[in-house]
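Below is one structure. I have some questions about it.
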Amino acid sequence: MVNLNKFFKGYVSKLDQSISEISIKKLTAASTLLKNTIKKGRTIYVCGNGGSAAIANHYVCDFLKYFRQRTKYKPKIISLSNSIETITAISNDMDYKDIFKYQLESVYRNGDILIIISSSGNSRNVKEVLNFTNKKKIKTIGFSGFKGGFLNKNSSISLHVNAQNYGIAEDSHHILMHILLQFLIEDIKR
């Protein structure tokens with residue numbers, strides 16, 4: 001029989017370790033890119049699959065409401081994971097691997113950025129959108145777990161957590177989102 005107290009302490013310990021190992025240099029670079037994008041009035045796009053899609057959509061909620069309530073800025077942030085109608089139309093009529101790239105091709109403007117969240121970093125739609133962003137020189141922030149995969153190797157700024165568990169990887173990405181958000185609120189006021 002599994003002991004919940006022991007399991008809980010082990011899980012929290014692994015979560016703490018995965019967060020603590022993040023490169024502060026890369027976290028600072030991500031913060032600076034986000035701040036500059038917001039100040040210039042450019043758009044932040046976010047995307048992910050499954051649990052990572054939920055985190056992407058949470059970014060939109062927190063930046064549009066929480067960030068705006070606490071600063072003078074009105075950040076433009078859009079989730080490419082948010083429209084089930086668009087996603088299913090693209091995946092049905094074209095290919096699921098194109099769901100993010102196809103949308104970004106239509107809406108991207110110079111100076112916009114893309115945040116990609118993927119535990120494995122190897123989903124075909126993540127690879128496709130990264131190939132597109134790199135070809136067009138679009139800055140990306142990649143949140144990955146496990147070994148990081150293609151996302152870790154090909155993002156402009158890679159925030160890779162060394163977590164071998166989906167829950168810990170996704171929890172880490174969520175925590176890092178909140179850290180960046182709340183730090184930016186304080187930083188942008190200066």
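The values are calculated or read from the model by the stated rules, or taken from the named source; none is laboratory data. No experiment lies behind these values; they were computed from the predicted model shown. Every residue, glycine as well, gets a Cβ built from its backbone with ideal geometry; the counts of neighbours run over all protein chains shown.
Would you mind finding the one in Asn122, Asn152 that is assigned to a helix (DSSP H, G or I), touching a Gly at 6+ places or on another chain (Cβ under 9 Å) and surrounded by fewer than 24 Cβ atoms within 10 Å (Cβ to Cβ)?
The match here is Asn152.
Go through (1) modelled with pLDDT of 95 or more; (2) surrounded by 15 or more Cβ atoms within 10 Å (Cβ to Cβ); (3) under 19 Å from the mean Cα position of the chain (by Cα) one by one and return the number of the condition Phe67 breaks.
(1)
Is it true that Lys9 is at pLDDT 95 or above, closer than 28 Å to Lys153 by Cα and more than 18 Å from the chain's Cα centre (by Cα)?
In short, no.
Can you go through Tyr73, Tyr102 and tell me which one is of a type outside the set (Val, Ile, Thr) and either part of a helix (DSSP H, G or I) or under 15 Å from the mean Cα position of the chain (by Cα) (or both)?
Tyr102
State whether one or more residues within the stretch 45-62 are free of Cβ contacts under 8 Å to residues at least 12 places away in the same chain and under 15 Å from Ile185 (Cβ atoms).
yes
Within the stretch 1-37, count every residue that is hydrophobic (A, V, I, L, M, F, W, C), in contact (Cβ under 8 Å) with a residue 40 or more places away in the chain, part of a helix (DSSP H, G or I) and out of contact with any Gly (no Cβ under 9 Å at 6 or more places or on another chain).
Counting residues in the stretch 1-37 that are hydrophobic (A, V, I, L, M, F, W, C), in contact (Cβ under 8 Å) with a residue 40 or more places away in the chain, part of a helix (DSSP H, G or I) and out of contact with any Gly (no Cβ under 9 Å at 6 or more places or on another chain) gives 6.
Return a yes/no flag: does the stretch 38-57 have any residue that is of a type in the set (Gly, Ala, Ser), part of a helix (DSSP H, G or I), surrounded by fewer than 17 Cβ atoms within 10 Å (Cβ to Cβ) and out of contact with any Phe, Trp or Tyr (no Cβ under 6 Å at 6 or more places or on another chain).
yes
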